[in-house]
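*Asks:* What follows is a single structure, and I will ask about it in a moment.
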């Protein structure tokens, strides 16, 4: 029989009426650009859910940013029929985000599956983030199907990387499937392998319903669309459901499966994956990891693994034009509907005016939010250098939590606690020395090192998270000619000798430039910022000292000399219009400057001083770099 | 390459002016600027609207230029009369370029005759022509004086050969004392134009230029900082690194040096870039620009101002000639300056003059900035505090820039205009 099941066979895999043993729930674990979306597209085509004409490249990645960057931010789940022998099966492919910032979302996606396709670029080998997700998948007891992709590439080395994968997950390198998402080669065999190897879901149909939310997406027209995997019982149209973490109940307006457009169904049974629409408008009312149950017949115990998203990185976001502040607030309110991890509070900066201190899961999350604000809401923003959260012990034995460096307490303080991460770096072994040097400079502590293959090594470090959000990724990439990959996860905190460095313009502190840095690096930071600002701030009518200070102690100083000449000598043959227009332009420019004390600072100077190559680290580099690869 | 024209409104084909130009017309002097868009050599730094014979080609030749310009003078006479402006004899005429003296003296005389025939000349009329020291003789200067010219402004630029070479100036600096003497002998008032801050010019080079100018006993000096304009050959040389860029600090030092030397020789500043021995030696035509008087600019690319309407002619000599041949105004665009723009213009032009700007004319916001400008040493404190008359309680204070203020004049304007 054809792999696309006949009508008769299909009747046995109707949603809400499919025996669990005919279901296969799987995800694809892959690094950015290793071809996950292309492979998924090919599966949609081969299973007949999307015909070639309707095929939009990377069908599953819906948002523009995802499409442009070639990465997946929000996961989706598609139901596909596939026949093996005379038997029709329903395959649920659950798309997972590929980035470290979204580890929690990844873990929930994995928890919705019984199997995972481990997809690795046959020309590049496994990357650190993939390795991290592989560990997560193994922890969730998923059946791993190793697959090498892009075997059509001339640079592909399938034998070499098959060895590497076999070394990681056990088994025979010969079991590693070789496919090309681009040509379709080997994809049918992969679908067969999924049916063969991925265990069917197991659950109790007679128990009260328990379904895990693995994604929650805001849709302008439908409100929140919640993606669930049913574990026990079943969910039916028009019944009331309850969220077990909040006890909130909602009317189920629509229930269905994605194939690949939403199709309403008569419900979802044990092991099935689909979507719910209840009319709620905010993803916070439908949280990833939460358990959905029947309101009339609630389950006694929620499924495990739920936790609230915790922001790890903070940055101040300010509109360049102060009058855009209300627009920025509205835009954040709208984004929040679709991003449970986003949180923010109003904040005022002497230098930048009114804005928000925004908490993010990580650097990529920061960059995506910033880019969406600029692109979808047409806002011009300045973001301050990202920082982590510090707990500072005071003399009176209380502790303050610092999410903005300018709020770092002055005077005598006790210990300062900073978050630390466990970082995994994969790289060709020739770069071991360079990576060690970098990590030592970033206060890293080597935990261990293993060879994945003859010439590839995995290095494990404990690093302060602050050092990672600074410029670590950029430096790692440049020192390894782009070959190293990085993954990290927060593992707690440590006390460290940290100080706040302030930058003063003509004696006035510029709050946006304050940074919390290790004592040994304070001088370097001060010199770098002072030098940078000296070049960025135009000369004024008076001399402007730029100082870097720890408390009242000056650690670095530069001076902007006074301007001596600012006059256009001649009006050309009475062309007064030209001169007036020039002055009008300058006048407008002056209006857009921020005045610190008496010093006029152009917005461009703030942007440049806060950009990645100065105050270190925009998450942008991270994401852009990923795109470039 | 000439400077780009401003963006503005369309100008009507007949050049007609709105009724708004009539307000206060009797209080405004009326002058004529005549542009001569020809040079024998195109200097690398120059972005004025001028052309060499080879650049122009046929159709707009030097020989027919006087006739073409006379046609615009005729048009100007009709437009001003039609607007209902009072008959005002011309108080100043200024012939600039380009190099006006590449035209035969007869042509210059014909043009001045056209102005005289159209509006009449005031009894004390000032008639200036710019001149290249290379292109005059005792005879040509005497002929200019005989034709009614009263003043000549020589483009001396520098007394130092390597500086002149960088500027592509071909004249021999040793001629300067001679041409000044010939002009004076002919009964002409004389001004020398200097340029400072040319790449490669030392402070001593500049001192030598100012001292050479002063040694002639000249009564008027203009000194302009070199601006490397986009689109000039010099801009290309700077971009390529063949010439160093101009340095504003160096130019400031040279301005201060010039101001010291000129003052010591008895020439006082009356406008940011102009010095004269006595008020009578000042260039009244230039003052009319700063004071917001009326003038009609004749010639391609020339700018005009009448009662708050500013306009500018098409740049290309051939397009200019074509328009006039068709009886159409050569104006390429115009604007009516009023409200905030007019206030900004009064400010930016007024502060450039030693006579200054009455503080009482400033809006309240700007008046509040004056104390700060005095404290910063940009505005003269005594002038700011002056009374209208001894014992009077009427404030007569004026914004008069200090020397530091002159060098930062644009910053002062931005502060007062904020």
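*Asks:* Looking only at segment A:58-79, which residues are crowded, with 23+ Cβ neighbours inside 10 Å and at pLDDT 55 or above?
*Replies:* Listed by number, the residues that qualify are A:77, A:78, A:79.
*Asks:* To continue, here is another question. If I ask for residues that are crowded, with 19+ Cβ neighbours inside 10 Å and closer than 17 Å to residue B:135 by Cβ, which ones from segment B:168-192 would you list?
*Replies:* Of everything in segment B:168-192, those that are crowded, with 19+ Cβ neighbours inside 10 Å and closer than 17 Å to residue B:135 by Cβ turn out to be B:169, B:173, B:176, B:179, B:180, B:182, B:183, B:186, B:188, B:190, B:191, B:192.
*Asks:* Between a residue in segment B:1-14 that is at the interface with chain A (Cβ under 8 Å from one of its Cβ atoms) and any residue that is modelled with pLDDT under 75, which pairs come within a Cβ distance under 8 Å, given they are 6 or more apart or on different chains?
*Replies:* From residues that are at the interface with chain A (Cβ under 8 Å from one of its Cβ atoms), the pairs are B:3/A:572.
*Asks:* In segment B:346-357, which residue that is crowded, with 19+ Cβ neighbours inside 10 Å and within 14 Å of chain A (Cβ to nearest Cβ) is nearest to residue A:574 (Cα to Cα)?
*Replies:* B:349
*Asks:* Looking at B:262, B:257, which one is surrounded by fewer than 20 Cβ atoms within 10 Å (Cβ to Cβ) and either more than 9 Å from chain A (Cβ to nearest Cβ) or outside any loop (DSSP other than H, G, I, E, B) (or both)?
*Replies:* Only one candidate passes the filter, namely B:257.
*Asks:* Is it the case, given these coordinates, that residue B:360 is out of contact with any helix residue (DSSP H, G or I) (no Cβ under 7 Å at 6 or more places or on another chain), more than 14 Å from chain A (Cβ to nearest Cβ), assigned to a helix (DSSP H, G or I) and surrounded by fewer than 21 Cβ atoms within 10 Å (Cβ to Cβ)?
*Replies:* So residue B:360 fits the description; yes.
*Asks:* With respect to residue A:573, determine if the residue is at pLDDT below 95, surrounded by fewer than 20 Cβ atoms within 10 Å (Cβ to Cβ) and either more than 30 Å from residue A:126 (Cα to Cα) or away from chain B (no Cβ under 14 Å) (or both).
*Replies:* no
*Asks:* Still on this structure: Suppose the filter is closer than 24 Å to residue B:285 by Cβ and out of contact with any helix residue (DSSP H, G or I) (no Cβ under 7 Å at 6 or more places or on another chain); does residue B:334 pass it?
*Replies:* yes
*Asks:* Quick one: which residue in B:50, B:92 is buried (at least 20 other Cβ atoms within 10 Å of the Cβ), over 29 Å from residue B:231 (Cβ atoms) and within 14 Å of chain A (Cβ to nearest Cβ)?
*Replies:* Exactly one of B:50, B:92 is buried (at least 20 other Cβ atoms within 10 Å of the Cβ), over 29 Å from residue B:231 (Cβ atoms) and within 14 Å of chain A (Cβ to nearest Cβ), namely B:92.
*Asks:* Before we move on, is residue A:345 in a helix (DSSP H, G or I), farther than 30 Å from residue A:241 by Cβ and not assigned by TED's automatic domain parsing to the domain that holds residue A:248?
*Replies:* Judged against the criteria, residue A:345 is not a match.
*Asks:* Scanning for something under 30 Å from residue A:599 (Cα atoms), touching a residue at least 24 places away in the same chain (Cβ under 8 Å) and touching a strand residue (DSSP E or B) at 6+ places or on another chain (Cβ under 6 Å), does segment A:409-423 turn up at least one residue?
*Replies:* Scanning segment A:409-423 turns up no residue that is under 30 Å from residue A:599 (Cα atoms), touching a residue at least 24 places away in the same chain (Cβ under 8 Å) and touching a strand residue (DSSP E or B) at 6+ places or on another chain (Cβ under 6 Å).
*Asks:* Please find, within segment B:334-345, the residue that is farthest from residue B:379 (Cα to Cα) out of those that are more than 10 Å from every other protein chain (Cβ to nearest Cβ) and buried (at least 17 other Cβ atoms within 10 Å of the Cβ).
*Replies:* Here the answer is B:336.
*Asks:* Follow-up. With the checklist (1) over 20 Å from residue B:135 (Cα atoms); (2) surrounded by 15 or more Cβ atoms within 10 Å (Cβ to Cβ); (3) at pLDDT 90 or above in hand, flag the one item residue B:16 doesn't pass.
*Replies:* With respect to (1) over 20 Å from residue B:135 (Cα atoms); (2) surrounded by 15 or more Cβ atoms within 10 Å (Cβ to Cβ); (3) at pLDDT 90 or above, residue B:16 is out only on (2).
*Asks:* State yes or no: is residue A:267 in contact with a strand residue (DSSP E or B) (Cβ under 9 Å, 6 or more places away or on another chain) and surrounded by fewer than 16 Cβ atoms within 10 Å (Cβ to Cβ)?
*Replies:* When the stated conditions are applied, residue A:267 does not pass them.
*Asks:* Do you know which of the residues in segment B:294-329 that are part of a loop (DSSP other than H, G, I, E, B) and over 22 Å from residue B:88 (Cβ atoms) is nearest to the other protein chains (Cβ to nearest Cβ)?
*Replies:* B:301
*Asks:* Here is a follow-up. Just for strands (runs of 3 or more DSSP E) wholly inside segment A:422-504: which have at least 3 residues that are under 20 Å from the mean Cα position of the chain (by Cα) and surrounded by 21 or more Cβ atoms within 10 Å (Cβ to Cβ)?
*Replies:* Fully inside segment A:422-504 and qualifying: A:485-495.
*Asks:* Just give me the residues in segment B:231-254 being in contact (Cβ under 8 Å) with a residue 24 or more places away in the chain and within 14 Å of another protein chain (Cβ to nearest Cβ), in sequence order.
*Replies:* B:231, B:232, B:245, B:246, B:247, B:250, B:251, B:252, B:253, B:254
*Asks:* Let me ask something additional. Kindly indicate whether residue A:385 is closer than 27 Å to residue A:135 by Cβ, under 24 Å from the mean Cα position of the chain (by Cα) and buried (at least 19 other Cβ atoms within 10 Å of the Cβ).
*Replies:* Answer is no for this residue.
*Asks:* Now a separate question. With the checklist (1) buried (at least 21 other Cβ atoms within 10 Å of the Cβ); (2) modelled with pLDDT of 85 or more; (3) out of contact with any strand residue (DSSP E or B) (no Cβ under 6 Å at 6 or more places or on another chain); (4) within 15 Å of residue A:503 (Cα to Cα) in hand, flag the one item residue A:536 doesn't pass.
*Replies:* Unmet condition: (1).
The values are calculated or read from the model by the stated rules, or taken from the named source; none is laboratory data. Predicted model, so just to flag it, every value in this text is computed and none were measured. All Cβ positions, glycine included, derive from the backbone under ideal geometry; neighbour counts span all protein chains shown.
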